[in-house]
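The structure appears below as structure tokens.
The values are calculated or read from the model by the stated rules, or taken from the named source; none is laboratory data. Because the structure is a prediction, the values reported are computed rather than measured. So basically every Cβ, Gly included, is an ideal-geometry build from the backbone, and we count neighbours across all protein chains shown. The accessibility values were calculated without ligands, DNA or RNA, using every heavy atom of the protein model including side chains. Shrake-Rupley method; radii C 1.70, N 1.55, O 1.52, S 1.80 Å.
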Amino acid sequence: MSDREIIDAVIIGAGISGMYQLHKLRDELGLDVKVFEAGSGVGGTWYWNRYPGARFDSESYSYGYSFSDELLEEWNWNEHFSPQPDNLKYLEFVADKFNLRPNIEFNTRVLAAHYDNDRNLWRITTDGGQSTSCKFLISAVGVLSTPFVPEIPGLENFKKPSWHTAEWPRENVSLEGKRVGVIGTGATAVQMITEIAKNVGQLTVFQRTANFCKPIGNRPITEEEQVQIKKDYPKIFQRCRETFGSFLADFEKKSAFDVTPEEREARYEELWNEPGFGFWLGTYEDILTDPKANETQAEFVRNKIRSRVNDPKVAEMLCPKGHPFGTKRVPLENGYYEVYNQANVELVDIKNTPIEIVTEGGLRTTEQEFEFDILILATGFDTVTGSLDRIDIRGRDGLVLKDKWSDGPKTYLGMGSVGFPNLFTVVGPHNGATFCNIPRCIEQNVEWVSDCIKYLTENDISRIEVNQDAEDEWTEHVQEVVKGTLFPEADSWFMGANIPGKKRQMYLYAGGSPLYRETCDSVASNNYEGYTLEK
Ligand code: NA7
């Protein structure tokens, strides 16, 4: 197979990161760039996740791109927490505004990327059977982009329609009057269940682990607010640069026990009623480190659930008990708990009464048989590493990335790995962008990579590779950061614990966005300390 072409850079994925990376490299550095995208359109997460109820859990105006004043001026968000159809329109608007599509090859999945040591080139093979060689390879594949379908016995036997939430049918499917089964109760399920419960005939939700959810506080943006938001953009983005997770909310600089129980309760109530993530990432600073402090907030949520769900037995099933509050992603909801007060909705605890087998028309637990017309899998993703693992990435001397990471990822800054020269893993494992109001950190990642490529180009450097000691230190630091926190106690996707057989460890960088940004900046200003650069 001969190279179709040799270009400066290939980007894998045309989601929020890939689109901005293309704009930076092509329009600011003047490079010859190609993006390969498996979908038929731009948008990544917001292209694939079309399930009813899908929306931002970040304030819309803190989530969009910040790099273009013109774009900020031209785009109006309709709701404080924008729904998927609007989010996709926004990303399509960005693609048109910056004329990104001509450099994107849609409906094209990257199968392999092999590094040619002699020529210092990456050779990319796609499912179209063609190959492209490039100097720089940037993976922008996202952290929640490989749907996970668990091995539930008999799943292949189900004869009626069934799909994963991230593969919601493009044609309009109506659930009206239908008997629907849903497996999973994560952030996706919480959004979807609330929406579909409005018109399904019968809904059966199979829950393995109850989650701590919190009201989203969404509403339309008024005209006056629109004007104010535009004025406030510099302040909004400045605020996001300073907070731990680049959200508008940030932890208080006090312990949950610095105040009286009454004051604490009042503060929880206030945060509960505020829109967004303040209740999770804007609470007392020891909530995610001190089990006793954590329990005060966990019990507050359980009491809220008990007050909203009529049947005390169902309420207890919905009360999370096996993991600390906030150690799994807190789903934001809008009437989720009240769904279980509907006569046509049933909650089934599959921790105590596991699914034995999926049948042709439903499923059987150890207790009961269920029949549906449609089965929806809201079972999450092979997160963070899943999409990289599915590409045959081979670096120097044929080193296979998936093999190198079989015992957990090893990276420097979550941006690169020893043995893989000229590869940048935007929002990769261990990257600060993984525990972040993601577009804020995507911009940081993309700008850092672009500056680095500019530096290499201007200095005639043909190859950049992570040093072993830098990788060892960062990889250890990523795990160190969560020692002494409660995160390791939860079976979360943060810990890789949602995928059977996956190494259990922290896959995200939880040191906070400001520290991550500072570290990246310092590496760059010290001539890419921790890397070897070769002419
Ligand atoms: P999540 O948060 O990983 O949730 C997946 C759900 O599927 C969760 O309730 C799981 O239960 C359940 N699940 C997974 N495997 C099984 C099996 N084998 N049997 C029964 N139930 C299962 O994915 P989401 O899509 O909701 O959210 C992902 C992220 O997207 C979210 O964090 C936001 O950042 C946006 P479990 O809790 O593992 O017991």
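Annotations
- Taking Cβ atoms as reference points and 14 Å as the exclusive limit, the residues near residue 33 contribute a net charge of -1, counting Lys and Arg as +1 and Asp and Glu as -1.
- Amide hydrogen neighbours beyond the local backbone of residue 128, cut-off 5 Å, H modeled: 109
- Using a probe of 1.4 angstrom and keeping all protein chains present, the accessible surface of region 494-535 works out to 45 square angstrom per residue.
- Other-chain or far-sequence residues with amide H under 5 Å of residue 492's (modelled H): 497
- Stretched out straight at 0.36 nm per residue, the stretch from residue 364 to residue 257 would grow longer than its current Cα-Cα span by 33.8 nm.
- Note on the chain: Cα Rg divided by 2.2 N^0.38 Å, N the number of residues, gives 0.98.
- The distance between label points at residue 451 and residue 167 comes to 4.1 nm (points 7 Å beyond Cα on the Cα→Cβ vector).
- Across region 86-235, Cα pairs under 8 Å and at least six residues apart give a relative contact order of 11 percent.
- Of the listed residues 10, 149, 418, the order by accessible area with a 1.4 Å probe, largest first, is 149, 418, 10.
- Percentage relative contact order, region 14-173, counting C-alpha pairs under 8 Å, at least six apart: 28
- Charge sum, other residues only, whose C-beta stays under 10 Å from residue 320's C-beta, Lys/Arg counted +1 and Asp/Glu -1: +3
- With contacts taken as Cα pairs under 8 Å and at least 6 residues apart, the chain reaches a relative contact order of 19 percent.
- Förster radius 25 Å - calculated FRET efficiency between residue 157 and residue 351, Cβ distance, rounded to 0.05: 0.60
- Each residue, residue 79 and residue 222, gets one label point 7 Å from its Cα in the Cβ direction; the gap between the two is 1.9 nm.
- Between residue 6 and residue 532, residue separation times 0.36 nm minus the direct Cα-Cα distance comes to 187.0 nm.
- In this structure region 147-380 gives 46 Å² per residue of accessible area when probed at 1.4 Å with all protein chains present.
- From the alpha carbon centroid of region 155-218 to that of region 278-350 is 19 Å.
- Backbone geometry of region 319-336 corresponds, through the Karplus equation with coefficients 6.51, -1.76 and 1.60 at θ = phi - 60°, to 3J(HN,Hα) couplings of 7, x, 10, x, 9, x, 4, x, 8, 10, 4, 7, x, 9, 9, 9, x, 4 Hz, x marking Gly and Pro.
- Within region 147-380, antiparallel bridges make up roughly 25 percent of the DSSP beta bridges whose residues both belong there.
- Heavy-atom accessible area ranking, 1.4 Å probe, most first, across 313, 135: 313, 135
- Apportionment of accessible area to carbon and sulfur, region 147-380, percent (1.4 Å): 49
- FRET efficiency for residue 292 and residue 397, using Cβ-Cβ distance with R0 set to 41 Å, rounded to 0.05: 0.20
- Phi-based couplings in Hz for region 343-355 (Karplus 6.51, -1.76, 1.60; Gly and Pro marked x): 5, 8, 10, 10, 10, 10, 8, 8, 7, 7, 10, x, 5
- Cα-based reach from residue 34 at 19 Å (exclusive), listing lysines while leaving out same-chain residues under 8 positions away: 24, 97, 135, 454
- Alpha carbon centroid spacing (whole Å) that separates region 460-501 from region 1-63: 25
- R0 of 45 Å, Cβ-Cβ distance residue 238-residue 489: FRET efficiency to nearest 0.05: 0.85
- Around residue 70: net Lys/Arg minus Asp/Glu count, Cβ-Cβ under 14 Å: -3
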